[in-house]
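What follows is a short report on a single structure.
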């Protein structure tokens, strides 16, 4: 399998390769029948909302059924996996829940941010991991670019001061404070324009998701939190 073939298939759907690595014991991958360690894992995701124009016109985005983005991702990536003889894995639909954040830090230069989201030196906070493709064959991968976390040189850290209810701090993310805020009228700016703390990050501000995508993700987060509080 050629990486250019995979990238062409992904690009046609608004997706992109997000790095890869050659797995070893301890990386948390499932072993196929026979127990042989897969030779290559390549992450698939979104950068700067490129997937939104394709997803938003899909049947899944319009049918009113739950989890439209996850269902769309599975349909697209499952098809690509069949074509390229790969095993698809997803960060949703568990258990099992695969360690995507750990895999991401193996695959490319991303770093934990003060918000808990992985930050990329070029994409900032405006990227996501949607799937992984696992190959039995060893595929030559480009070297991982050396980079430092942009948070290290950010003295002001505006992300930690922008939340109206102080949900982000050195102690972590106060999810209950966030949920309480966005379910009230005072939380409309977050619901309509996206998380104010995330928006405050100056890195790659030009890649911020556009309003329809922001509202989609915020509504999904609020719905998930409401479900967990009211099972």
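Per-residue answers, yes or no, for (1) more than 16 Å from residue 135 (Cβ to Cβ); (2) modelled with pLDDT of 95 or more; (3) assigned by TED's automatic domain parsing to the domain that holds residue 216:
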| residue | (1), (2), (3) |
| --- | --- |
| 19 | no, yes, no |
| 27 | no, no, no |
| 37 | no, no, no |
| 50 | yes, yes, no |
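Taken together, 202, 189 contain a single residue that is within 28 Å of residue 56 (Cβ to Cβ), touching a helix residue (DSSP H, G or I) at 6+ places or on another chain (Cβ under 8 Å) and not in a helix (DSSP H, G or I), which is 202. Of the residues making up the stretch 1-21, those that are closer than 11 Å to residue 84 by Cβ and surrounded by 14 or more Cβ atoms within 10 Å (Cβ to Cβ) number 5. In summary, residue 143 fulfils each of the numbered conditions (1) farther than 23 Å from residue 222 by Cα; (2) touching a residue at least 24 places away in the same chain (Cβ under 8 Å) with the single exception of condition (2). Select from the stretch 24-46 the residues that are surrounded by 19 or more Cβ atoms within 10 Å (Cβ to Cβ) and within 18 Å of residue 142 (Cβ to Cβ) and list them in ascending order. Scanning the stretch 24-46 gives 40, 41, 42, 43, 44, 45.
Restricting attention to the stretch 78-100, the residues being touching a residue at least 24 places away in the same chain (Cβ under 8 Å) and under 23 Å from residue 13 (Cα atoms) number 13.
Residues in the stretch 1-12 that are more than 16 Å from the chain's Cα centre (by Cα) and more than 19 Å from residue 136 (Cα to Cα): 4 in all. Residues that are surrounded by 19 or more Cβ atoms within 10 Å (Cβ to Cβ) and under 21 Å from residue 69 (Cα atoms) do not occur anywhere in the stretch 199-206.
From the list 104, 131, 177, the one residue that fits, being in a helix (DSSP H, G or I), surrounded by 17 or more Cβ atoms within 10 Å (Cβ to Cβ) and either without any contact (Cβ under 8 Å) to a residue 24 or more places away in the chain or assigned by TED's automatic domain parsing to the domain that holds residue 68 (or both), is 104. Taking the numbered list (1) closer than 27 Å to residue 226 by Cα; (2) modelled with pLDDT of 95 or more; (3) part of a loop (DSSP other than H, G, I, E, B) in turn, residue 116 passes all entries but (2). Scanning the stretch 58-91 for residues that are touching a strand residue (DSSP E or B) at 6+ places or on another chain (Cβ under 9 Å) and in a loop (DSSP other than H, G, I, E, B) gives 85, 86, 90, 91. Pairs, please: C-beta under 6 Å, at least 6 apart or cross-chain, first residue more than 19 Å from residue 123 (Cβ to Cβ) and in the stretch 208-220, second assigned to a helix (DSSP H, G or I)? Note: pairs meeting the criteria are 218/191. Exactly one residue out of 26, 20, 49, 35 is within 26 Å of residue 71 (Cα to Cα) and either within 13 Å of the chain's Cα centre (by Cα) or part of a loop (DSSP other than H, G, I, E, B) (or both): that is 49.
The values are calculated or read from the model by the stated rules, or taken from the named source; none is laboratory data. Being a predicted model, the structure only gives us computed values, none of them experimental. Cβ: placed from backbone, ideal geometry, glycine included. Neighbour counts: every protein chain shown.
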